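The values are calculated or read from the model by the stated rules, or taken from the named source; none is laboratory data. Quantities reported herein were computed from a predicted structural model and do not represent experimental measurements. Cβ sites come from the backbone with ideal geometry, for glycine too, and all protein chains shown count toward neighbours.
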Amino acid sequence: MRSSTAISLIVAIFLVCFTFSCSENKQGASSELPKNDVSAYLGQWTFDIANSSVGWLQVRQEEGYLDADIMWVAGSVYYGLPYVFTAGDKLILGRNPRNIVLSRDVEGEPLLTKSYPTWIELKSEGDNISGYYLSPKRDGLGIDSVYFEGSRLPDMEVAPDMSDIVYGEPIALINNDDLTGWRLIEEGAENGWSVTNGVLINNPVQAEGQPHISYGNLRTENEFEDFNLKVEVNTPPQSNSGIYLRGMYEVQVADSYDRPLNSGGSLGAIYTRIEPGVKAEKPAGEWQDLDITLYKRHVTVILNGVTIIDNQPVYGPTGGAIQSDISAPGPIYLQGDHTGISYRNIVLTPIEN
């Protein structure tokens, strides 16, 4: 069986020929591709995808080679793609192969499995970028494509002076009795959210043996720029939720008391971007205090009175983001499609400078 490295190399060769129609000229010599220039792609980008999702990309050139990190729609930021190369005026990004079981025996065991490559083709024009996410169809007859376009991110500012912040009037985001000021993000999703005595509860019940129910994520009707957000959260055992700042940056909310620190699962982490510097969680089932400040693309998180992230830059959207424009205001949104969770005393104080 070929190794993933060998498969990636084969795919890379195929892509150059497929994309630019390599052929011999009349004298029998190979046609020459345009000069490869990666400078137009270096840096960070955000993009909007045709299915109303969001992505982020960083392309860098270091120690004589190209590399890239990507966040595509949902899940983690993927650091270090399998291959990155220029082909004429395009940039080609490889992703992990998609393994598909094509047939099974009577006991359900795989008989025939194929490993299909998936890749991204990009073209830049100044500070704008566009391209396609490409993957072979299941039967091997043709290629599925998803179009996206985006723009270059500005350089990150130096960490701001937190003592210079000018705050406005605090805004209580939870009504004592109902979901006034909130709505589901996804049309047609089941609503597991309710408010009882000022506690916002998500209860995404799945009936055993019944089809899976898709529950919705909850967002504020209003949108905000920079702010301080104070919230109390109660994480049941094995719970998983999140608080999205401006609809872009997820602060992880999970039962992580007995887990080691990491950027993907620790309470208070910026999901797969910033790992807390210290553990400060309480056991599952206890109310916990989050104090979050987003200011000039930098975030501070105080958990149960302990600063776990201190004025750190957040470079781009996290998985599940609903907007890509880092300069635009956005909602607070709460992840509700995973497990049960409870929030209370959510108070947002706008930053006015």
- [ ] Just one of (1) closer than 20 Å to VAL299 by Cα; (2) outside any loop (DSSP other than H, G, I, E, B) trips up SER145, so point out which.
- [x] (1)
TODO: Tell me, yes or no, whether the range 330-341 has at least one residue that is closer than 15 Å to ALA74 by Cα, at pLDDT 95 or above and out of contact with any Gly (no Cβ under 8 Å at 6 or more places or on another chain).
DONE: no
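Would you check if there is a residue in the range 106-117 being in contact (Cβ under 8 Å) with a residue 40 or more places away in the chain, on the phi < 0 side of the Ramachandran plot and either of a type outside the set (A, V, I, L, M, F, W, C) or buried (at least 19 other Cβ atoms within 10 Å of the Cβ) (or both)?
Just the residues of the range 106-117 that are in contact (Cβ under 8 Å) with a residue 40 or more places away in the chain, to begin with: 115, 117.
Subset that is on the phi < 0 side of the Ramachandran plot: 115, 117.
Retained after the next criterion (residues that are either of a type outside the set (A, V, I, L, M, F, W, C) or buried (at least 19 other Cβ atoms within 10 Å of the Cβ) (or both)): 115, 117.
Yes; the residues of the range 106-117 include at least one that is in contact (Cβ under 8 Å) with a residue 40 or more places away in the chain, on the phi < 0 side of the Ramachandran plot and either of a type outside the set (A, V, I, L, M, F, W, C) or buried (at least 19 other Cβ atoms within 10 Å of the Cβ) (or both).
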TODO: Give the range 155-169 a look and list any residue that's without any contact (Cβ under 8 Å) to a residue 24 or more places away in the chain and either surrounded by 12 or more Cβ atoms within 10 Å (Cβ to Cβ) or over 28 Å from the mean Cα position of the chain (by Cα) (or both), or say none.
DONE: SER163
TODO: Test TYR295 against the stated conditions and say whether it is within 30 Å of ASP127 (Cβ to Cβ), among the aromatic types (Phe, Trp, Tyr) and surrounded by 22 or more Cβ atoms within 10 Å (Cβ to Cβ).
DONE: no
- [ ] Keeping to the range 190-231, report how many residues are exposed (fewer than 15 other Cβ atoms within 10 Å of the Cβ) and either closer than 21 Å to ASP289 by Cβ or not assigned by TED's automatic domain parsing to the domain that holds ILE171 (or both).
- [x] 3
- [ ] Name, by its number, the condition in (1) more than 30 Å from TYR271 (Cβ to Cβ); (2) at pLDDT below 50; (3) surrounded by fewer than 18 Cβ atoms within 10 Å (Cβ to Cβ) that does not hold for THR5.
- [x] (1)
Task: From VAL38, VAL54, residue being surrounded by 14 or more Cβ atoms within 10 Å (Cβ to Cβ) and within 21 Å of GLY264 (Cα to Cα) - done: VAL54
Task: Set ASP177, ASP139: member being surrounded by fewer than 16 Cβ atoms within 10 Å (Cβ to Cβ), farther than 22 Å from LEU93 by Cβ, assigned by TED's automatic domain parsing to the domain that holds GLY55 and not polar (S, T, N, Q) - done: ASP139
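Might you check whether a residue that is touching a His at 6+ places or on another chain (Cβ under 9 Å), within 22 Å of THR318 (Cβ to Cβ) and either touching a residue at least 12 places away in the same chain (Cβ under 8 Å) or in the same structural domain as ARG344 (by TED's automatic domain parsing) (or both) occurs anywhere in the range 281-290? I'd like the intermediate steps shown before the answer.
In the first step, residues of the range 281-290 are kept if they are touching a His at 6+ places or on another chain (Cβ under 9 Å); the result is none.
Taking every residue of the range 281-290 in turn, none turns out to be touching a His at 6+ places or on another chain (Cβ under 9 Å), within 22 Å of THR318 (Cβ to Cβ) and either touching a residue at least 12 places away in the same chain (Cβ under 8 Å) or in the same structural domain as ARG344 (by TED's automatic domain parsing) (or both).
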TODO: May I ask you to verify whether GLY181 is of a type outside the set (D, E, K, R) and within 22 Å of GLY330 (Cα to Cα)?
DONE: yes
Open item on the list: Condition first: closer than 14 Å to SER342 by Cα, part of a strand (DSSP E or B) and touching a residue at least 60 places away in the same chain (Cβ under 8 Å). Now tell me which residues in the range 231-260 satisfy that.
Closed with: VAL231, GLU232, VAL233, ASN234, ASN240, SER241, GLY242, ILE243, VAL253
Task: Considering residues of the range 61-77 that are in a strand (DSSP E or B) and surrounded by fewer than 16 Cβ atoms within 10 Å (Cβ to Cβ) only, the residue nearest to the chain's Cα centre (by Cα) - done: ASP67
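Under the condition of being among the aromatic types (Phe, Trp, Tyr) and closer than 25 Å to ILE322 by Cα, which residue from the range 237-286 is surrounded by the most Cβ atoms within 10 Å (Cβ to Cβ)?
So in the range 237-286, the residues among the aromatic types (Phe, Trp, Tyr) come out as 244, 249, 257, 271.
Adding the requirement that they be closer than 25 Å to ILE322 by Cα leaves 244, 249, 271.
Working: TYR244: 25, TYR249: 25, TYR271: 27.
Per the stated criteria, the residue is TYR271.
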- [ ] Mind listing whichever residues of the range 108-145 are among the aliphatic types (A, V, I, L, M) and closer than 30 Å to VAL38 by Cβ?
- [x] ILE120, LEU122, ILE129, LEU134, ILE143
